[in-house]
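Values quoted throughout were computed directly from the atomic coordinates according to the rules given, and no laboratory measurement underlies them. The shown structure was predicted, so the numbers you read here are calculated from the model rather than taken from an experiment. Here Cβ is always computed from backbone atoms with ideal geometry, including for glycine, and neighbour counts include all displayed protein chains.
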Amino acid sequence: MTSFTPAAVNPDEIGHEMHRLVAELYPICRSITGNGVRETLRLVQKHISLAIHEVPTGTPVFDWTVPKEWNVADAWVKNGRGERVIDFQRSNLHVVGYSVPVRRRVSREELAKHLHTLPDRPDWIPWRTSYYNETWGFCLAHNRLADLTEDEYEVCIDSTLVPGHLTYGEYLLPGETTDEVLLSCHVCHPSLANDNMAGVALAVALARHLAEQPRRYSYRFLFIPGTIGSITWLSRNEAATANIRHGLVLACAGDPGPLTYKKSRRGDAEIDRTVAWVLKHSGRRSEILDFSPYGYDERQFCSPGFDLPVGCFMRTPHSRFPEYHTSADNLDFVRPEALADSYTTVRAVLSALEHNRTYLNLNPKCEPQLGRRGIYRTIGGTDAAASELAMLWVLNLSDGRHSLLDIAERSGCAFEPIRRAADLLHQHQLLEPVTTTPGAANPRRAV
Ligand SMILES: [Zn+2]
């Protein structure tokens, strides 16, 4: 079993641990409901004490209804010699997700109507689903079609599509306040590594890290089937959404492409500005995308009735890598170093959120004499000048109305030196944190 040692902060080590978890979860045949999701959540439970929720089929969830539960034991197409020419046991992508049970002989022409291939990528098996339209089908590599020369085939999909449950996992890490950071990933894809298991591994690694840290915020992790899972969670937890201050949907977090952040619907929420600032100062190529109502579960979290400050953290967006939803999204496509990079970046984002406070300069009439207090030029090293500049910016803008993120943005400094400067000035009683009430004209001192 993969073990996330709390001390594993070495990027190499954490990347390999995350990759091992992806590899452990990869073979499971998942869908939006069914035993594959349960098995996945039980494996995640070995790392974090996840609560598993079961919501019955037929439960109304806003404009939707929790669907029937789907499970599949086996599926194949056999030729006249009884050989499996398409075999679910070799790849769970071969069966169209949510296929109704079928077992009969069909002509080659009829079979062809139920086959899906990718002519442009003839070696890859596509992944297809039919959640809300009851049908059956198989997916296969396009170059295997030529093997299907017989007039008749026997097809079998040994599946069940019956009333059951939708299953999701939830893990709440309480902090000093009930204000929450929501971190959500999807658990509904079968053997696809980047699109979805990399997000799961990232969420698990972050949960393990945060559990060891002092936390101002509470952190809520969701492991849910895409779309119907977030709709179901929102419908059952509408009141709890009032506590969500920031959120990220974690998806496609393990491919070798550069980091990408898709902003929340608000566009200028603290999470949007924080991720943008961390990426800008990361020294690596990255991209910020505006919100669009297409993508992962941010579509639901950012629907107008909720409009939560939830963005989407990814590497290459789903529409931009050809391996997306094919057998080529495999364990080789996901790289330990990319997983580690996603992990350290989101950690930096969460750390910035934790420390983004607003302070009041307690000596606001002219600059305080820092040398007398022994804090001018006390931060050694080559970045001493930058640290001093950060201190001057923090002192100047800490009028109770500018957060540390505001100061970082206005000064052009990275967040960390601004935060360190504020910590030092706070230690020397030159700053005091204030609490700001949204819209209040006068900030109050923290009690
Ligand atoms: Zn997907």
DSSP-loop chymotrypsin sites (Phe, Trp or Tyr not before Pro) across region 122-228, with at most 11 other Cβ within 10 angstrom: Tyr132
Helix 199-211 versus the longest principal axis of the chain: what angle, 0 to 90°, nearest 10, using Cα atoms? 40
Give the residue from Phe306, Ala338, His281 lying farthest towards the positive end of the charge dipole for region 264-413; charges sit on Cβ (+1 for Lys and Arg, -1 for Asp and Glu) and the dipole is referred to the Cα centre. His281
Return the ratio Rg/(2.2 N^0.38 Å) for the chain, where Rg is computed over Cα atoms only. 1.14
Note, Ser292: beta-carbon cut-off 11 Å, +1 each Lys/Arg, -1 each Asp/Glu, net +2
If you average the C-alpha positions of region 247-274 and of region 77-94 separately, how far apart do those two centres end up, in angstrom? 40
State to the nearest 20 debye the size of the charge dipole of region 72-162 about its Cα centre, where the only charges are +1 on K and R beta carbons and -1 on D and E beta carbons. 120
Partners for Lys263 among lysines (Cα-Cα distance below 16 Å; same-chain residues under 8 apart left out): Lys280
Helix 270-280 axis, angle to the chain major axis (alpha carbon atoms, nearest 10°): 90
Assigned charges on the beta-carbon of Lys, Arg, Asp, Glu; the chain dipole about Cα centre (debye): 1000
Relative to the longest principal axis of the C-alpha atoms of the chain, give the angle of the C-alpha long axis of helix 35-44, reported between 0 and 90° and rounded to the nearest 10°. 30
With a sphere of radius 11 Å drawn around the Cβ of Arg335, what net charge do the other residues whose Cβ falls strictly inside it have (Lys, Arg +1; Asp, Glu -1)? -3
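Counting DSSP beta bridges in the chain, what percent are antiparallel, to the nearest 5?
Antiparallel bridges: around 65 percent, rounded to the nearest 5.
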Counting other Cβ atoms within 10 Å, keep those with at most 10, restrict to DSSP loop, and tell me which GluC sites (Glu not before Pro) in region 6-114 are left. Glu83
Per-residue ellipticity at 222 nm for the chain, helices alone: DSSP H runs ≥ 4 residues times -39500 (n - 2.57), over residue total, nearest 500 deg cm²/dmol? -8500 deg cm²/dmol
Which longest uninterrupted range of the chain lacks any trypsin sites (Lys or Arg not before Pro) assigned by DSSP to a loop state (not H, G, I, E or B) and surrounded by at most 11 other Cβ atoms within 10 Å? 114-283
In the chain, with Lys and Arg counted as +1 and Asp and Glu as -1 at Cβ, which of these residues, Thr435, Trp64, Gly169, has the Cα nearest the positive end of the dipole, that is, farthest along it? Thr435
Using modelled backbone amide H atoms (1.01 Å from N, in-plane), which distant-in-sequence or interchain residues come within less than 5 Å of Thr59's amide H? Val66
Dipole of the chain, positive direction: furthest Cα of Ser184, Asn143, Gly82, with charges on the beta-carbon: Ser184
If you place +1 on the Cβ of every Lys and Arg, -1 on the Cβ of every Asp and Glu, and leave all else neutral, what size is the dipole of region 344-413 about its Cα centre, to the nearest 20 Debye? 200
Region 223-302: GluC sites (Glu not before Pro) falling in loop per DSSP and having at most 14 other Cβ within 10 Å: Glu238
Excluding same-chain residues fewer than 8 positions from Lys262, which aspartates and glutamates have a Cα within less than 13 Å of its Cα? Asp272, Glu287, Asp290, Asp297, Glu298
